[in-house]
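Here the structure is laid out as structure tokens; the discussion comes afterwards.
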Amino acid sequence: MSAIDWIVVAAYLAWVVIDGVRMSKRTKEIDGYLLASRSLPWWAVGLSVMATQLSAITMVSTTGQGYASGMRFVQFYFGLPIAMIILSVTAVPFFWRAKVYTAYEFLERRFDSKTRTLTAFLFLLSRGLSCSVVIAAPSVILSIVLGWNLTLTVLAIGAPTVIYTMVGGVQAVTWTDVKQMAIVVIGILAAVTVLILGLPHDVSLGSALHLAGAVGKMQALDFHFDLTQKYTLWSGLIGGLFLSLSYFGCDQSQVQRYLTAKSVEGGRRSLFVSAYAKIPLQALILLTGVLMFAFFLFHKAPMLFNAAPVDRLKAGPRAAEYHALEQEYDRAYETRRQAAESMAGAGGESTVSAERQAFVAADTEVRAVRDRAKALVKDATKADYDDVNYVFPTFVTTYMPVGLVGLVIAAIFAAAMSASAGELNSLATATVIDIYKRHVRPVADDSHYLLVSKIATAAWGLFACVGAMYAVQLGSLIEVVNTFGSYFYGSILGVFILAIGLKRANGHGAFVGLIGGMIVVWAAVTYTKVAFLWLNVLGAVVVTVIGLVVSAATGGSKAEART
Amino acid sequence: MRTVVARFYTAETMASTTGPTGTSGTKDSADRLPLIFIGIVALEIAAILTLYFAGVHFAS
């Protein structure tokens, strides 16, 4: 990175902290600190909702997925707009009018203390670990690609985030999210522009997309109904719907965003921002990955993008094997480049042309050599190896012009910070409202809870940063955390379905249903190969059924008696 | 669509007896919601079709 890029990144980090601290002037009461006194405009809340969901993992990993697998991942988001419609007439008016600070607080009013405490505990556990991963994942990638010290990278993301979140509360988080969202979109558009301008003069954007399409990367939809397939139209529409209902409707990191809106109508509109913009934004991020594939057809990419394990391999006894593969890769790459030029020159639109067949065969050969290289690294280093997450940072640092490198690195920082800030803020809120105020000190003045909220934010920030440093050392932990979260996402949704939609349900039913749902989902993960999106459907259905049965067996609910 | 929204509002009123208090949605917002919902669903269908035909076009 050049000095100018360093200045851009440093200026961004300074601006984020200063701007966040500036917001603290309006947060002297607990209601202002945690809920912005319900004063924020819908568009700011809407952008904050999107920014909280869009982490650096999305930005780095999704572009990598676009490069490796094409547009298919976009199906993951197909359930989201429908979820927003449902939540806008259920969760938003319920939570907003209940004047609650957390979604779990509502569960005590509807059911009982044990159901509230268990769901809040599950949120704190999963979101706390998730926050570590949100910081760890980009830190390890940036530290390898840019050669930075890992601990310093974690602190460069974590420390400013903790400072502005702790000092400024939810207002600082929301207004910083708005600006960070803008930086992320500008960064992606800058990358797309450089990718398009970087294509050879005689290769149009249409020809580049035809080249990507020839090897299946433009095929976004998979119509097969297969419960073991991760991303299909059906898993996206149905499983994605349940996941989005749970994430946006039951997870405090999102619920707290729309509780800050000026009105129910404002809360609804904030969700509609995601309903309209999420699929196009994700499609753009994936398309960036597809364009990187087209770009690297004409600009030589390294055989493997994650250099650190490769360097270890090259320093060991099997270096000669890797060197031989590199020579093979050079030949296969050159054959593919020539085939791509021929196909693009021929218009690239005939499914049976000799040029197209030659290009597809050459691409298959390049992938085969890469696969053998990955297997060699795995075998030699005795560790998992995947370089998908390193493609975008490698492109940015190698091919983007001075200044824009800093902008895109700042955008990756922005994505990590906006996601973790929303999580830290909600973790502190649930800690103070659902645990401290409920079980430790029910009566105190505002200034006391405000102080405890700031301490909780700092404590969760410290936990996230320390956890991030451990997470990067134990690579598989990231996968464990993601799987762990899927155990109870659907189950928690089931509890809220019982609370909001089924007046026969009572606290015993919800509590037993939640535990039963998590056990069934655990069994499904352990003994079947059901794709994780379907686990959300399974958990929600099981909790609802068990909850209704147990409620009926234990005398129904007070709510039913009142109607 | 109006019926579906009306049912949600009934559910909302039910919940207001179990905890949250306040009025249910105003008539204006209830009137506008079906149109917004239709717009979101229409845009989603358009997005899916666009992605499908783009896939078919660029694969050919």
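The values are calculated or read from the model by the stated rules, or taken from the named source; none is laboratory data. Predicted model only: the values in this text are computed from it and were never measured. Cβ atoms come from the backbone with ideal geometry, glycine included; neighbour counts cover every protein chain shown. Protein only, heavy atoms only, side chains kept; ligands, DNA and RNA dropped before computing areas. Shrake-Rupley method; radii C 1.70, N 1.55, O 1.52, S 1.80 Å.
Data table
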item: Spatially proximal lysines relative to A:K114 (Cα-Cα < 16 Å; intrachain offsets below 8 disregarded); result: A:K437
item: In Å², nearest 10: area of A:W96 left accessible to a 1.4 Å probe; result: 40 Å²
item: Where only C-alpha atoms are counted, convex hull volume of region A:362-473 per residue in Å³; result: 160 Å³
item: Crossing angle, helix A:476-501 versus chain A [Cα axis fit, 0-90 degrees, rounded to tens]; result: 40 degrees
item: Positive minus negative residues near A:S270 (Lys, Arg vs Asp, Glu; Cβ under 14 Å); result: +4
item: Spherically averaged projected area of region A:184-293 from its Cα convex hull (nm²); result: 9.2 nm²
item: Between 0 and 90°, nearest 10: helix A:113-146 axis offset from chain A longest Cα axis; result: 20 degrees
item: Peptide-level mean, for A:38-44, of C-beta atoms on other protein chains within 10 Å; result: 0
item: Too-long pairs where the Cα-Cα distance tops 30 Å, listed order kept, from A:K230/A:K262; A:K179/A:K217; A:K99/A:K503; result: A:K230/A:K262; A:K179/A:K217
item: Charge-dipole axis of region A:9-160 as Lys and Arg at +1 and Asp and Glu at -1 on Cβ define it, positive-most pick from A:G64, A:S39, A:L13; result: A:S39
item: Spatial extent of chain A: Rg and Dmax, with the Cα atoms as the point set, Å; result: 24.6, 78
item: A:K382/A:Q327 FRET efficiency (R0 22 Å; Cβ-Cβ; nearest 0.05); result: 0.30
item: Cα Rg, Dmax, region A:1-127, angstrom units; result: 19.4, 58
item: With DNA, RNA and ligands ignored, accessible area of A:V100 (1.4 Å probe; Å², nearest 10); result: 0 Å²
item: A:K278, A:K378, A:K262, ranked by accessible area, largest first (probe 1.4 Å); result: A:K262, A:K378, A:K278
item: Degrees separating the helix A:80-89 axis from the principal Cα axis of chain A, which is the longest one; result: 20 degrees
item: Average other protein chain Cβ within 10 Å of Cβ, residues B:44-55; result: 6
item: Residues along region A:190-219 losing 20 Å² or more of accessible surface when the other protein chains are present rather than the chain by itself (probe 1.4 Å); result: A:L209, A:H210, A:G213, A:M218
item: log10 of Debye I(q)/I(0), alpha-carbon scatterers only, for region A:62-150 at 0.21 Å⁻¹; result: -1.07
item: Buried solvent-accessible surface, both chains (A, B), 1.4 Å probe, Å² to nearest 100; result: 3200 Å²
item: Values of log10 I(q)/I(0), in the order q = 0.14, 0.16, 0.30 Å⁻¹, for region A:1-62 under a Debye, Cα-only, solvent-free model; result: -0.64, -0.80, -1.12
item: Test item: A:105-112 mean partner chain Cβ contacts at 10 Å; result: 2
item: Cross-link reach list, lysines versus A:K314, counting only Cα pairs under 29 Å and skipping chain neighbours closer than eight places; result: A:K300, A:K374, A:K378, A:K382
item: Heavy-atom SASA rank of A:K300, A:K454, A:K230 (probe 1.4 Å, accessible area, largest first); result: A:K230, A:K300, A:K454
item: Exposure ranking of A:H299, A:H439, A:H201 by accessible area [1.4 Å probe, largest first]; result: A:H201, A:H439, A:H299
item: Area of A:E341 that stays accessible when all protein chains are in place (1.4 Å probe, Å², to 10); result: 80 Å²
